[in-house]
Structures are given as structure tokens and as C-alpha cells.
1. Using only Cα positions of region 163-292, each an equal point scatterer, no hydration layer, compute I(q)/I(0) via Debye at q = 0.09, 0.11, 0.12 Å⁻¹ and quote the log10 values to two decimals.
2. For region 259-316, what does the equivalent ellipsoid look like in terms of its semi-axes, each the square root of 5 times an eigenvalue of the Cα gyration tensor, given largest first in whole Å?
3. Using amide H atoms built in the peptide plane, which far-off residues or other-chain residues are under 5 Å from residue 35 H to H?
4. Count the net charge of all other residues whose Cβ sits under 12 Å from the Cβ of residue 168, scoring Lys and Arg as +1 and Asp and Glu as -1.
5. Diagonalise the Cα gyration tensor of region 113-221 and give the resulting equivalent ellipsoid semi-axes, square root of 5 times each eigenvalue, largest first, whole Å.
6. Accessible surface of residue 284 in the full protein assembly, 1.4 angstrom probe, to the nearest 10 Å²?
7. Name the residues whose placed amide hydrogens come within less than 5 Å of the amide hydrogen of residue 159, ignoring near sequence neighbours (fewer than 5 apart) on the same chain.
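The values are calculated or read from the model by the stated rules, or taken from the named source; none is laboratory data. Worth saying up front: this structure is predicted, and the values here are computed from it rather than measured. Backbone-built Cβ (ideal geometry, glycine too); neighbour counts: all protein chains shown. In case anyone asks, the SASA skips ligands and DNA or RNA and just uses the protein heavy atoms, side chains included. Shrake-Rupley method; radii C 1.70, N 1.55, O 1.52, S 1.80 Å.
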Amino acid sequence: MLTHLVTPLLMCIGMGLAYLGAFAHPAPHHMPVAVVGSSRSAQLLAQSINDKAGGDLEVRTVAHRSTAVDQLKHQDIFGAYVPKGDGSGKGRGGAGDGNGQARVSGNAGATGDGRSAGDGTAATPELLVATAASDTSASVVQKIFTPLAAQQGAPLKVTDVAPTVADDPTGQGIFFLLVAISIGSYASVAVIGGAGAVLPIRLRAALAVGTSFVVSLIGTAFAGPVFHLVDHGLWGLWGMAWLYSAGILLIGTGLHTFLKRWTTLGVMALFVMLNFTSSGGIFRPEMQNGFFAALHSFWNGAGFVEGVRSHVYFDGYGLSGHLWTLALWLVVGVLMVGVAALAERRRRSAEAEAAANAAAVAAAAVAATVPEPAPKPVRGPVDDGVEEELEEAVGV
């Protein structure tokens, strides 16, 4: 019993290290933001913010407001500050709520279509954000630039150029969808590996693929008709959910051949401890330390979360890279099942050979310890006579 308690204790340690290490002290690390303007004052402002940030921010200048909007929608930056009175805010302000309207907080100097008031100059300081990329990053950027607006003696107008759907205002519903699909996937690994251990590996792999199909359908139902986390692109979300779930199930099914009762701990380490924390669903990599930020670039949870964001909110920009991430994890799962099949075949051959050798040794041992019965001697007439005399003597 004590040896079996090692597993939950290791889970406790792993979850604590992963979650607290990733989420306990969020802070920007080289987060890219922009100051809109081509004037000398805009460049000096950007340099001043860079110097004060001490590496927390990477501040650049962009000439036009429309350029800043494009960079926000490509997730090249996570905030753009338009100083009061800057004359480079050309074009319409980032619309994005489905009706060509920008979501604006504050009403100072804002027109009905999200443009700056007047002839293109900013009547009040404005901050452009994209909450669909990360609500927490947008909040951090707003805290950074609000004091700058206060120094200019005007309230800060915040314009969201990529808002989320109304039923998911923080955009974190995609992360919790990831959690549901992940639990359905790695918990099924324990069932297929345990109750199905006597089945051939090819049948277990088929069960894994079939289970991933069901799990992806459940996740799609949650995202669409149940909780309305997305308002379009549901088929694309289902495809990414299936790729993600199938990768987990196939990797876990293959690992069970080698890890046995440690499989649950192994898949939890891969697809919970390291996966949820690096997915970017709560904090983007720019808000985490280098370890989790590095995992974000290739881990499958990040591929799913960022892929869904790109598909639903950013017109598919960067989607192909996230799909490749999910596909490569699926390939790893197929390879893992193949390695497990070879290992099980060799194990069966070794067991059959060992059984044959044991049977041969047992037969040899029996032959050596049990003597064969001696042949009965052939008796002649003399022997018969002697035997008759002995019988008469005994009878007397």
C-alpha cells in the first residue's frame, strides 16, 4: 500500500511545481508593445518606456494606427499606445465585433465607428488591445499605459480590435475546453491500458482513435451549442480537437506497454503539468518564465489553444503552424504505438522461448531423477523347479 501511495504524492509534488512555477508570479518578459507615431516625441516616449521597463517590455514605434491594428491582429504586439495629439492615427480604428465596430471603453473623443475624433489626430490618449489574444496580457498593458494617459491629463480610451464572443468575455473558455478534452483523453488511456491489456496492440490503438473521435465531439458540443464559446468555425475546432485528443490517446496507449502502473503519472506529467501551464490559455509566454515560454512554442496544448484562437478570432493567421504542431504530436503517437507493438512482439517471443526452455529442462530433470524400470528376466525350467521347491517348503 505504501508503495502505491508514491504515485499520488508524486502527482502532488508535480502539480505544485508546475502550476505554482508557471502561474504564481506572472510578469511581463520582453512583451512587445508599440507607441503609435513617427514624430520625435513618440520615439522619445518609446525609448523612455523601454528604459524604465528594464527588459519587461519591448517597445517599438509604428507610424500609423492602422499598422498597429494589423500587428495586434497578427499577435506581433499586445498593446499600442496612441498619445494625445499625435497626428499619425490614420484610418478607421480596429473594428472586430462582427459588425465593423470596434469595442471601445471610455467615451472621450470616440466617434460612433471607433475612429479618433477630429481630422485623424487623437483627441485623447488611446490604447489598442486584442483581448482575444490574451485577456491577461491586455490587462497588464492597460495597467502600464494608464499612468501615461494620466500624465497627459486625460482619461485613457481602450479600444479592443479583436474582442471575444459575448459568452466568453475573457477568452479563457478555450483553455477550459482544453482541460475537458485533455482529461477525457488521458483518463481513457488508463482504461484502454488496464482493462484492455489482454487485447492486441492494434485493437487498443483502434480503440484509442475511436475514443478520440468521441472526446472531440463532446468538446465541440461544449464549445458550440452548449456554452457558445465560439460563434463560427465549429468544424475547424472539431478537427483540431480530434488531432489533439488522438495524439494524447495514442501516445498514452504506447507508453502503457513500458510504464505499466506508472502510465497515469506519466501522461499527467506530459498532458497536465507541462501542458496546461504552457498552453497560453491563462498567461501567454510573454507573461511566464523562460521554461514555460519555450514549451509554448511546440507543446500540443499550445498548438490547440493558439490554433483555435487563430481560427476563430484572427482570420486563420498563423493557423498552419499550429496545425503542424498538432499533426506532429499525432505522428509521435503513431510511432509510439509502433514501438510498443515491436516491444510486445519481442516480449511474447522471449516468453515463448523461455517457456519452451523451461519445459525442456523440466523433462530432462524428470528423466534424470526417475530410473527406467529394469526388464524382467526370462526364466528357464531350472528356475521353475527351484520355485516349486521353495513353495513346498513355505507351505510346510
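1. -0.29, -0.43, -0.50
2. Details: eigenvalues 119, 40, 11 Å².
Over the Cα atoms of region 259-316, the ellipsoid semi-axes are 24, 14, 7 Å.
3. 60, 61, 62, 81
4. Values: positive: 309; negative: 135, 167, 231.
Neighbourhood net charge equals -2.
5. On the way: eigenvalues 516, 37, 15 Å².
Calculated on Cα positions only, the semi-axes equal 51, 14, 9 Å.
6. 20
7. 105, 127, 128, 129
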